[in-house]
Amino acid sequence: MTTTVPFGLAEQTEIGAYADFVTGAAAPVREALGIGSLQVGPALALAIREDPSRFFNRAGGFGAGEPITVDVLAQVCDFYREQGVSQGAFMVAPPLLPPDWAATAGKLNLTPGNRLVKLGCDIEGTLSAANGIEALDPGLRVGPVEPHHAHEWATVMMNTFGLTTPRLIDMAASCVGRPNWRQYAVWEGERIIAVGSVFLNGRCANMFGAATLPESRGRGAQSALLTARAQAALAAGCRWAVAETGAEGPGAHNTSLHNMLRAGLEPLYERLTWLWRA
């Protein structure tokens, strides 16, 4: 592994992307969805009461310069309880876990959830090469998303992930055009078939929300989107790129993981998600 991205920065960039994606929506959307957020030191927690998937109920950014204490974690548990959600997730990088984590998790009734791979790289000379775009199938093109494509772009992303609530799609569409985001899509003719975003956090960028319509997979769309987003991050002054995806268990194959490895991202660590339940 050659990347030098600091783990604390990697975690803060990830949760910063989710926080901006969720809380940047217009007030009527936030109110309809029951969106709430909490900052405790460097950590951020999010909750969407009207999201049945519970996907966005997450907290991260822990351990970046401040110790992870029972009090900090308990404040997040209280936040989830006050927001009226049935489940919330804690994302903590293994190198940043305190030595007494097992006792702390037990005290707060946190239980293990799914396992993710955190990846990162120094952008220049790896992700920013143009080979990803050159591998795109003939008849497809990749480019930035303009505001008039925002709803179609958001629909492709959210529906592919099974997040079909109309207000969630409105929330995603409102992200297009914000200064610290770049959104890209792959088109076949006039139809968007694949999407991806990059969130810019100073020197670090987070690859976010990559999705391809099922019938259009295997045609180089995500490789092209990784390259386009990396070039945008480099142009914006970012040194590092980070991303996360599901870890592979025995006999499992995660295409997203292999796309990122092929593009030049390197595994930093596997991170176990810890779950709070009401």
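If you take the Cα centroid of the range 6-54 and the Cα centroid of the range 147-191, the two points sit 18 Å apart.
When the convex hull of its Cα atoms is viewed from all sides, the range 48-94 shows a mean projected area of 3.5 nm². Projected over all directions and averaged, the alpha-carbon convex hull of the range 159-220 occupies 5.1 nm². Bridge orientation summary for the chain: considering DSSP beta bridges with both residues in this region, about 90 percent are antiparallel.
How much of the pair distance distribution for the range 121-270 lies past 22 Å, counting alpha-carbon pairs only, in percent? It works out to 37 percent of all Cα pairs. Note: relative contact order over the chain, using C-alpha pairs below 8 Å and six or more positions apart, is 26 percent. Recomputing volume of the Cα convex hull per residue in Å³ from the coordinates shown identifies the correct label among [x] 128; [y] 116; [z] 211 as [x]. Among Ala263, Ala32, Ala210, the largest mean-square fluctuation in a Gaussian network model of the chain, built with springs joining Cα atoms closer than 10 Å, belongs to Ala32.
Under the rule of -39500 (n - 2.57) per DSSP H run of 4 or more residues, summed and divided by the residues of the chain, what mean residue ellipticity at 222 nm is obtained, to the nearest 500 deg cm²/dmol? About -10000 deg cm²/dmol.
Shape of the range 1-52 from its Cα gyration tensor (a ≥ b ≥ c, root eigenvalues): rounded if a/c is under 1.5, otherwise prolate when a/b > b/c, or oblate?
Working: a/c = 3.11, a/b = 2.52, b/c = 1.23.
Note, shape of the range 1-52 comes out prolate.
Modelled this way, with points 7 Å down the Cα-to-C-beta line, the labels at Glu31 and Glu215 are 4.0 nm from one another. 3J(HN,Hα) along the range 73-90: 5, 5, 4, 5, 4, 4, 4, 4, 5, 5, 6, x, 9, 8, 7, x, 10, 10 Hz, from the Karplus curve 6.51 cos²θ - 1.76 cosθ + 1.60 with θ = phi - 60°, whole Hz, x for Gly and Pro. 3J(HN,Hα) along the range 229-243, derived from phi through the Karplus expression 6.51 cos²θ - 1.76 cosθ + 1.60 where θ = phi - 60°, amounts to 5, 5, 5, 5, 5, 4, 5, 7, x, 7, 9, 10, 10, 10, 7 Hz, with x in place of Gly and Pro. The value of relative contact order for the range 174-278, using C-alpha pairs under 8 Å at least six residues apart, is 21 percent. The share of C-alpha pairs in the range 1-134 whose separation exceeds 20 Å stands at 52 percent.
For a modelled paramagnetic label at Leu108, 7 Å from Cα along Cα-to-Cβ, the residues of the range 34-63 in reach, with backbone nitrogen under 20 Å, are 36-49, 54-63.
Under the combined filter of DSSP loop state and at most 13 neighbouring Cβ atoms within 10 Å, the range 181-278 retains these GluC sites (Glu not before Pro): Glu190. Springs between Cα atoms under 10 Å define the GNM used for the chain, and in it the highest mean-square fluctuation of Arg182, Arg167, Arg229 occurs at Arg167.
Computed over the chain with a Gaussian network model linking Cα atoms closer than 10 Å, the most mobile of Asp100, Asp20, Asp51 is Asp100.
Each reported figure results from applying straightforward, stated rules to the coordinates on display, with no laboratory input. Computed from a prediction, not measured in an experiment: that's the story for all the values here. Please note: Cβ atoms are built from the backbone with ideal geometry, for glycine as well, and neighbour counts cover all protein chains shown.
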